[in-house]
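Participant: Structure incoming, see below.
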């Protein structure tokens, strides 16, 4: 199973110079720093466990346990930061608690606590930290001791014993010194690297996000985008119906009711003509409005395929549009709809804001992705805004939400002065 | 009769004004939001206000809030809410605020011009007018074990018409009954719902509305 960590970045330093490489010493520093951190973690855990046991006897037990869990999550971040800075590992912050204590029931909170990997991490971390710390330090000391043995012998009194061996002949001195230098140059950097790397990867596995957790976060995001988009669409349709169609129909009913009463009363038909005429106008404009509204929900031209639909959009645009459509299969209906409305809105932006003389729309299939590009030669400066701002860029934010609802993305390149290029990357097929 | 109109849709506002003026009603002003309505009424209190509920700036219940304030500051001015939705909650809020000269009609009702104008006059005269839709949803809260379950179909029908603000004689005409029969049914309804008897049409209607709007919890 692959995790969200990568091997330390950068080229491997050549073996012979590894001893003098900055990276080697950063790794060594990591091993030394990680040891007190691991001790702190385990101390915290033992303390928390004892207090938690005491607290469990009372009603506040679970809240206290949660507070401790939050604490160990924060402590875990310390190890992650250390591994990130010293080893160059890419580790995401630990997943935040699945639930929010305030709105979850008791059993969910318990389960959340029980499944938190962060809590048990110190139990594994301390032995690991001791292993990498002692392993690396012993090998380094051995190398340093052997290589300097001759020197020590020369300046100081007494003998240097290494693993019970004493160098008492010049040959032994040479053997000791050479093997010491070899250890320092080749063995220690490798051992150090191996231990630090292993240590860092354990941290990444225990504390970082699993691919499943990453996916859950992506899906949570895209679901939020989909729900927000659907809600915004439904509200817009309701508003259009309320302000447009319903209002016109009320007006129509009013005119017809008035006309009916006037005729029934025997009024001069000439006075009624105007009322009937306004009723007719209201009926016709209501029809046109309903047609637009229906088209806004699902344009019938889309049934003939994305290319045909976009061709009709391009043909109707006040700014000349060059359309380049290269799709082999047929994308999912929802993808076609998103692509269609995005192009429609982007071309609308081109007409309204860009001052461009021409625009290009490209729809290209790349493997299982559909890449839609809308470019213009206008003044640029487009950006993705948020809803609470002045309103500028909210259209693009809406399109981004739509794209994300199907695991797609939207990128805007629009420097001030132009040109503007908006690229939407969508999956061909949405299951 | 002098009327002020608040409606954000120009089509409906203009149509309404034309309709009222065409039937000899004096329109003191027509505005597009709640605050303007309050200002208009303060300047020149009309006999009755016809107001949309959903208006700028928030497009929620601006008209209702303006109506409540007008009712508080100018109790003599009737308030007729005029909406595309029949919300029991709005009707209840309105009835809670006042039981004199209030009304709630769907915009659809304007198609029957004479009845609509008559409703406006009723509200101006201090009566209560509720849309049949609103009454139906108030009555729809009838539960199998509630006191409304004890009413016969005919009694329910009469209750519905009463709640809409019709007088005994109007109910008699609508149901092709004699006024005496209607009177008998009404006495029976009041008995079953344990409401205080009264000979005054208006007071009786109010008792029924209060009962329905309160969700008849007291009687259950």
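Participant: Which of the three applies to the range A:288-410, rounded, prolate or oblate, going by the alpha-carbon gyration tensor with a ≥ b ≥ c and a/c under 1.5 meaning rounded? Don't jump to the answer; show the numbers that get you there.
Facilitator: Numbers: a/c = 1.27, a/b = 1.23, b/c = 1.03.
It is rounded, given that a/c, with a ≥ b ≥ c, falls under 1.5.
Participant: Compute the separation of the alpha-carbon centres of the range B:1-62 and the range A:322-367 and state it in Å as a whole number.
Facilitator: Using only Cα atoms to place each centre, the spacing works out to 45 Å.
Participant: Using per-residue counts of other Cβ atoms within 10 Å, averaged over each peptide, order B:188-196, B:128-136 from highest down.
Facilitator: Working: B:188-196: 15.4, B:128-136: 22.1.
The packing order, highest mean first, is B:128-136, B:188-196.
Participant: Could you check the spin-label model distance between residue A:175 and residue A:429? Points 7 Å from the Cα along Cα→Cβ, value in nm.
Facilitator: Distance between the two pseudo-spin positions: 6.9 nm.
Participant: Sticking with this one: Give me the extension gain from residue A:216 to residue A:53: residue separation times 0.36 nm, minus the current Cα-Cα distance, reported in nm with one decimal.
Facilitator: On the way: separation 163, 0.36 × 163 = 58.68 nm, distance 3.27 nm.
Result: 55.4 nm gained on full extension.
Participant: Moving on. Report the residue, chosen from A:64, A:216, A:162, that carries the largest GNM mean-square fluctuation when chain A is represented by alpha-carbon nodes joined by springs under 10 Å.
Facilitator: A:162
Participant: Separate question: So if we plug the beta-carbon distance of residue A:43 and residue A:93 into 1/(1 + (r/R0)^6) with R0 = 25 Å, what FRET efficiency do we get, rounded to 0.05? Display every interim value, and only then the final one.
Facilitator: Values: r = 23 Å, r/R0 = 0.92.
Working from the Cβ atoms, E equals 0.65.
Participant: Further question: In which sequence would A:117, A:215, A:265 go, from the one with the fewest C-beta neighbours within 10 Å to the one with the most?
Facilitator: Numbers: A:117 16, A:215 11, A:265 8.
Result, fewest neighbours first: A:265, A:215, A:117.
Participant: Quote the relative contact order of chain B in percent (integer), defining contacts as alpha-carbon pairs under 8 Å separated by 6+ residues.
Facilitator: On the way: 342 pairs, mean separation 30.5, N = 220.
Here the relative contact order equals 14 percent.
Participant: Further question: Computed FRET efficiency, Cβ-Cβ of residue A:273 and residue B:97, R0 60 Å: what is it to the nearest 0.05?
Facilitator: Rounded to the nearest 0.05, the efficiency is 0.85.
Participant: Per residue of B:110-123, what is the mean number of Cβ atoms on other protein chains within 10 angstrom of that residue's Cβ? Spell out each step's value before the answer.
Facilitator: Working: counts 6, 10, 4, 9, 4, 1, 2, 1, 0, 0, 0, 0, 0, 0.
Mean partner-chain Cβ count within 10 Å for B:110-123: 3.
Participant: Test of understanding: in a Gaussian network model of chain A with alpha carbons linked when under 10 Å, which of A:302, A:53, A:82 would top the mean-square fluctuation ranking?
Facilitator: The residue that fluctuates most here is A:53.
Participant: Angle between the Cα long axis of helix A:188-207 and the longest principal axis of chain A, 0 to 90 degrees, nearest 10?
Facilitator: Around 40 degrees separate the two axes.
Participant: Once you've got the GNM for chain A with C-alpha springs shorter than 10 Å, pick whichever of A:19, A:249, A:140 has the biggest mean-square fluctuation.
Facilitator: Maximum among the listed residues: A:249.
Participant: Then there is this: What's the average, rounded to a whole number, of partner chain beta-carbon atoms within 10 Å of each residue's beta-carbon in B:19-25? Show your work: numbers first, answer last.
Facilitator: Details: counts 6, 0, 0, 5, 2, 0, 0.
The shielding value for this peptide is 2.
Participant: With a ≥ b ≥ c taken as the square roots of the eigenvalues of the C-alpha gyration tensor of chain A, please select rounded if a/c is under 1.5 and otherwise prolate if a/b is larger than b/c or oblate if it is not?
Facilitator: Values: a/c = 4.71, a/b = 2.34, b/c = 2.01.
Judged from the Cα gyration tensor, chain A comes out prolate (a/c at least 1.5, a/b above b/c).
Participant: Relative to the first principal axis of the alpha-carbon coordinates of chain A, what is the inclination of helix A:394-404, with its axis defined by its Cα atoms, in degrees from 0 to 90 and to the nearest 10?
Facilitator: It works out to around 60 degrees.
Participant: Compute the Cα gyration tensor for chain B, then decide on rounded, prolate or oblate, letting a ≥ b ≥ c be the square roots of its eigenvalues: rounded whenever a/c is under 1.5, prolate when a/b is larger than b/c in the other cases, and oblate in all that remain. Write out the running numbers ahead of the final one.
Facilitator: Working: a/c = 2.13, a/b = 1.73, b/c = 1.23.
Since a/c reaches 1.5 and a/b is larger than b/c, the shape of chain B is classed as prolate.
Participant: Quick check: pseudo-label points 7 Å beyond the Cα along Cα→Cβ at residue A:265 and residue B:125, how many nm apart are they?
Facilitator: Result: 1.9 nm between the two label points.
Participant: Separate question: Quick one: if you stick a label point 7 Å off each Cα along the C-beta vector at residue A:362 and residue A:330, how many nm between them?
Facilitator: Modelled inter-label distance: 2.7 nm.
Participant: Please average, across the residues of A:254-267, the number of beta carbons from any other chain that are within 10 Å of each residue's own beta carbon, and give a whole number.
Facilitator: On the way: counts 13, 4, 2, 9, 8, 1, 3, 7, 2, 0, 1, 1, 0, 0.
So the per-residue partner count for this stretch is 4.
Participant: How would you rank A:188, A:150, A:25, going from fewest to most other Cβ atoms within 10 Å of each one's own Cβ? The partial results should precede the final answer.
Facilitator: Values: A:188 24, A:150 18, A:25 14.
Least to most surrounded, the residues fall as A:25, A:150, A:188.
A short reminder: the numbers here are calculations on the coordinates, not readings from a lab. Just so it is clear, the model here is predicted, and its values are computed rather than measured. Every residue, glycine among them, receives a Cβ derived from its backbone with ideal geometry; neighbour counts consider all protein chains shown.
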